[in-house]
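Enquirer: Here you go, one structure.
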Amino acid sequence: MKCLWLFPGQGGQHSGMLEEVDSDLKKQVESWTNVKLLDSEEGYQDSQQIQLSILLLQVDQIDKLKCKGWKPDLVAGHSLGVFGAAYAADVIDKEDVFKLVSLRAKLMQNSYPSGYGMGVVVGLSRSEVADIVAKVHSKDEPVYLSNQNSELQNTLSGKISAIKESLQLAKENGASKVQLLRVPNPSHSPLMQKVAARLEKEVGPIALHQPQCIYLANNNGHPVKDVNDISYDLANNLIHPVFWETMINVALEYQPQVSIEFAPGTAFSKLLKAKTDQLSIITLQNMSVDDADYLLNKWKGKYND
Amino acid sequence: MTERNWHSHRDAKNARLSSALSLLDGKFAKTKDVVKVLETLIKPGDKVVLEGDNQKQASFLSAALTKVDPEKVHDLHMIMSSISRPEHLDIFDLGVASKMDFSFAGPQSTRVSQMIADGTMKVGDIHTYLELFGRLFIDLIPNVVLVAADKVDREGNLYTGFNTEETPTIVEAAAFHDGIVIVQANEVVDKLPRIDIPSGWVDVVIPADKPYQLEPLFTRDPQAITELQILMGMMAIRGIYEKHHVQTLNHGVGFNTSAIELLLPTYGEQLGLKGKICRNWELNPTPTLIPAIESGWVDSIHSFGGEVGMEKYIAARPDIFFVGKDGTMRSNRALGQVAGQYACDMFVGSTLQIDQWGNSSTVTHGRLSGFGGAPNMGSNPTGRRHSTPAWQSLKPDDDPLAKGQKLVVQMVQTFGSNKKPVFVDHLDAEEVRKEAKLANVPIMIYSEDTTHIVTEEGIAYLYKTDSMEERKAAIEAIAGVTPVGLRSDPKEVKKLREKGIVALPEDLGVRRQNAKRSLLAAQTMDDIVEWSHGLYNPPAKFRSWS
Amino acid sequence: MEKLHFTYQNTKTIEKFVHVGVVASGDLEVLLYPADETTVDIVTGSDGFKEVWKNVLNRFFDRYSLKGKFIIHDFGATPGVVNLRLTQAMEALNDEE
C-alpha cells in the first residue's frame, strides 16, 4: 500500500487544537524552545506560537502513526509543512526540528514589521498572473508571483501597495476572486533572502539523515531522495514559490493508494478529491489516529494484492 | 583483407544467451531470478523496448528493471509507446536508463517534463504510435524487448488474447533482427487456447509474481454525460455523420463520443439513419457502444486493445468483433492505427486547447503528455486512394485533379472543466516547445487537417473555408465567450451561416430542448449491462451494487 | 452570492412566459416574462463573473434580440450551460402550445 503524507502550513491553527497532543512531548518542546505554548486565540496572534504549535500537532500525529507501524512512501509539506514532512521522512531529529522552526518563526516575525505581505488570485492561470506581476513590479514597489496552490490559485508576495495594485489588475483581467492574506511577511519571494541566509547557517551544523521515502520539494516541485536537496528546501523554501500543484501532480504520478493529511485543516484533501478518484483519503483534522489506523488496516488488505 | 562477419548480431545474442544458461531451463527462468536474468542479458547502452501501452503493462519486468545493479546495466536507450508507471521513470533516476524515445506520457507527464528539464532523461523524439512502431524496424531496432503475455505453454508459445495490442509488433522487431525477446507470463499452462506468438520468436520466459497491470481506460459511465454533450452529439449526428454519409470511423474515448454512441439507437433511429451511417468501426470495445450494436447499427468493430469487463460480451458477438476460435478477441494496436489512419472516413476526437487558427494540442505547461495515436487518425492520409461517399463529399469542385479528404472532427466545449477557455490565441504547446527544447511545437492535430469543429454553440465546417481569415471567423463564430469567440462579428456569422460554413443547432434542425439525458439509450452502467443481456461485467469501480 | 442587473435595447417582442432549466449545482433556471423593456436580473452563487455574464448575454442577444424580462437563478453554471438554457428559452417561445 503506497501512502502519501501531506503537511499543511499556517492558516488552519485554532485554539484548543493541541488538546489531544501528548503532554510530555509538549513539555519537551517548551523546554527546547523556551516558548510556553498557549493554544489560545490570543496565542495564535504570534507567529512563533503558530509555527511551533502546528509542528507539534503534526509531530505528535506522526509519532502516533509510526508507533502503530505506518510509514510514508511520499511526503509533501506546504511551507512550514516541510518540517513535518522532513521529520516524517526521518531526515531531521525531533529536538532539531523544533529548535529550527522556533528560530525560523522568530526571524520571520522580525523581518518585516509592516507594509509587506501576501495576496491570492483565484481564477487566472499562473502565466496570466505572471504577466500582471511583471507590469506592477519595480524596485520601489516589489511584488512577486509566489505560491502555486492549484492550477488557478496563485499567491503574490511583496509590498502591500504593489500587491493591492496587482490584485486590482487581476480582478479587471477576469480573476474570479482576489484577496489580501493575513500574512505579515512577503514569504516565498526573494524578499526573504536575509531570513533564508540565516536559516541556511543554522541548518548547516544539524545532523540530517538520508530520507526514508520520497520528499516532494517546495522550491521546484521535484521528487527528491537526497538529504542535500531537503536541507536546501528547509532553509530556503521561504525565498522560492511553493510549487504545490506540481508537487501533488508528481506525487500522484507515483500512484499512491492512500493519502493522509495531517492537521490542522482539510484543504489539501479537498483539492485531492477534486483531482482524482484513485485515492483513499484520510484527513486527521476530522479523525483520530485510532480511526485512521482502523481504516489503514482495512485498506491494506485491498491494496496489497 | 579479412572477411566481414555478417552475423555479428547473432553471435552477440548467442553469447549473451550462453552466459545466462545457468539461469535457464530451456526458455524458462525462475520468477526469483528475474533481476539476474536482466543483468545478464541486457548490456549498457542497449536499445530496450519495455512494453507499456496505456492499458497493458509489463509491470513485473519494469519493477525488476528498477532493481538491477546500475554498475552492470546502465545508459539504456528505452523505447516505449507509453510511459505509464512510476518505475518507467525511476530507472532514469537510478541511472539504469538515460535516453527515451516514446509516444505517450499522459500518466507521467509532470515527471517527464521535470526530467527533461533537469537532464535526467534525454529524449530522442516524441512520436505517434505508428511512427514509433515503424522505427522499430528502421533505425530503432531493439537489442532487447521486455513484453507481457497472459499464458505460455511449455514450449514457449504465447497467448496474449484479448490484450494482444502491440506485443506481436514489438516481438517481431527483435525476433527477426537478433534482438532478445524476454516475456513475463501470468500463467504457465500445458495447452494454450490459441497461439498468438510462436515460441520460435521467444528467447526467455519468466513466470510473473502477479498478473500484468491492466487498466479499464475506455469505460465511460453514462451517468456522467451532460446535456451539453448530448446537444453536441445531436449536432454531430445531424450535421456531420448524416450530412457526409459517414460509414467507417474511429471515435475518441471521451464523453462526447460516448454520448453519440448512446444517441444512435434513439436519436439516430428517429432520423432514420440506421444502416446509413456508422457501420464499420476502428475502436476499443467501449461499453457505451453496446446499445447500438444490440440495435443492429454496427457491422464490424476492430480494436487496438481490449477493455476490462467486455470479454464475455465480445466472445458472444463474433460477427461484430475480431475473435479467435477460442472465443477471445484479438486486438492489434499497429494494425488498428493503420486502419484508423487509412481505412476510416472520419476521426472524432477531443482536445484541451484549440488556437485561433484551428490547431489543437493536449500539451499544457509543465505536462509533456506526448501524442499517442490521435495524430495518425486525426490527419488526412494523402496516400489514400480508395473512394467512399464521405471522403468524396469533401472534394473541392474547382480542381480537376482533386481527390477526397478525410473528416477530422474536434468536439470540445468552449470552456474546459477547469473553467478556462479551450479556444486560445496561442497554444501552451508553443511555450512548452521552448521549455523542453523540442524541434517542433507539439501540436496534436493541425489546422490544415481539421475539417470540422463542434462546440455547444454549433459546427464550423472548416474544410469549406477559402482563406485563413474565413477559417478564423468560422472558429470565432462557435467559440462562445472565450477571448477568441468574443472577436466574432454577428454580421460575419450571418454570412457564414448562409454559406453553410457555420451551422447553429436551428440550422441543422436540432432542437436544444430535446437534449435531455432521457434521450440516451442507456443512462447508467446497469442499463448497459441490461442491453448486453448480462454479458458485460463492469469493473468494480463502475459498479453501483457491489 | 452576487446580484447582477443588465438592460438591453432589443426588438423582438415575446408573447408568453417561459421557464427552462433546473435548480441544481452547475446549472441554472431562466424565467422569461413578456415586457416592454429588456432587463436581465441574475442571482448567482459564483461571485466575480460579471464580465463573463455580460459577454454571454451580449453574444446571445446579438443572435436573438428578444425583448422581455429575464430572471436567472444560477448555481455555478459554465458559460456553455448558460447559453444552452438561454437558447432553450428562445426555442420554447416558438413552440406551439
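Readers should treat all values here as calculations from the given coordinates under stated rules, not as data from a laboratory. Note that the structure is predicted; figures quoted are calculated from it, not measured. Every residue, glycine among them, receives a Cβ derived from its backbone with ideal geometry; neighbour counts consider all protein chains shown.
Enquirer: When the chain is fully extended, how far beyond the present Cα-Cα distance does B:K494 get from B:D209, taking 0.36 nm per residue of separation?
Expert: Full extension from B:K494 to B:D209 adds 96.1 nm.
Enquirer: Below 8 Å, C-alpha to C-alpha, sequence gap of six or more: please give me the relative contact order for segment B:218-344 in percent. Working shown, then result.
Expert: Working: 192 pairs, mean separation 30.3, N = 127.
Once divided by the residue count of segment B:218-344, the mean separation gives 24 percent.
Enquirer: Farthest toward the dipole's positive end in the protein assembly as shown, which of A:N147, B:G349, B:F255, given Cβ charges of +1 (Lys, Arg) and -1 (Asp, Glu) about the Cα centre?
Expert: Farthest towards the positive pole: B:G349.
Enquirer: Answer rounded, prolate or oblate for segment B:15-214, using the Cα gyration tensor with square roots of eigenvalues a ≥ b ≥ c: rounded when a/c is under 1.5, else prolate when a/b is larger than b/c, else oblate.
Expert: prolate
Enquirer: Report the Cα centroid-to-centroid distance between segment B:430-447 and segment A:87-117 in angstrom, as an integer.
Expert: 42 Å
Enquirer: Also, quick follow-up: Over what distance in Å are the Cα centres of segment B:379-396 and segment C:20-97 separated?
Expert: 42 Å
Enquirer: Nearest 5 percent is fine: what portion of the DSSP beta bridges confined to the protein assembly as shown is antiparallel?
Expert: Close to 45 percent.
Enquirer: Give the Cα extents of segment A:116-181 along the principal axes, in whole Å, largest first.
Expert: 29, 19, 16
Enquirer: Quote the charge dipole size of chain A about the Cα centre in Debye, to the nearest 20; the model charges only the Cβ of Lys and Arg (+1) and of Asp and Glu (-1).
Expert: 380 debye
Enquirer: Still on this model: B:G416's amide H: which non-local residues (gap 5+, or another chain) put their own amide H closer than 5 Å, with H modeled 1.01 Å from N in plane and none for Pro or chain starts?
Expert: Close amide H contacts, sequence-distant or interchain: B:V422.
Enquirer: Rounded to the nearest 20 debye, what is the charge dipole size of segment B:15-214 about its Cα centre when +1 sits on each Lys and Arg Cβ and -1 on each Asp and Glu Cβ?
Expert: 280 debye
Enquirer: Specify whether the C-alpha gyration tensor of the protein assembly as shown places it in the rounded, prolate or oblate class, a ≥ b ≥ c being the square roots of the eigenvalues: rounded for a/c under 1.5, otherwise prolate if a/b is larger than b/c and oblate if not.
Expert: It comes out oblate by the Cα gyration axes.
Enquirer: Then there's this: Suppose we keep just the DSSP beta bridges with both residues in chain B; what percent of those would be antiparallel, to 5?
Expert: That works out to approximately 30 percent antiparallel.
Enquirer: So for segment B:15-214: antiparallel DSSP bridges make up what percent, rounded to the nearest 5? Could you put the intermediate results ahead of the total?
Expert: Numbers: 8 of 37 bridges.
Around 20 percent antiparallel, to the nearest 5.
Enquirer: Any chance you could check the Cα centroid distance between segment A:157-181 and segment B:478-532 for me, in angstrom?
Expert: About 37 Å separates the Cα centre of segment A:157-181 from the one of segment B:478-532.
Enquirer: Ok, one more. Against the longest principal axis of chain B, how steep is helix B:468-477, in degrees 0 to 90 to the nearest 10, with axes from Cα atoms?
Expert: Result, in degrees: 80.
Enquirer: Roughly what angle does helix B:8-19 make with the longest principal axis of chain B, taking Cα atoms, 0 to 90 degrees, to the nearest 10?
Expert: 60 degrees
Enquirer: Need one value for A:234-247: mean number of C-beta atoms belonging to other chains within 10 Å of its residues' C-beta atoms.
Expert: 1
Enquirer: Another question, if that's okay. What 222 nm value per residue comes from the helices of the protein assembly as shown, counting each DSSP H run with n ≥ 4 as -39,500 (n - 2.57) and dividing by all residues, nearest 500 deg cm²/dmol?
Expert: Result for the protein assembly as shown, helices only: -9500 deg cm²/dmol.
Enquirer: Mean Kyte-Doolittle of at least -0.5 plus a Cα span of 24 Å or more along the axis: flag which DSSP H helices in chain A meet both, please.
Expert: Span-like helices, by this rule, are A:47-67, A:94-111.
Enquirer: With a/c under 1.5 counting as rounded, go ahead and sort chain B into rounded, prolate or oblate using the C-alpha gyration tensor (a ≥ b ≥ c being the square roots of the eigenvalues; past the cut-off, prolate if a/b is larger than b/c, else oblate).
Expert: It comes out prolate by the Cα gyration axes.
Enquirer: Here's a follow-up. So how strong a dipole does segment B:218-344 carry about its Cα centre when Lys and Arg Cβ are +1 and Asp and Glu Cβ are -1, to the nearest 20 debye?
Expert: For this selection, approximately 260 debye.
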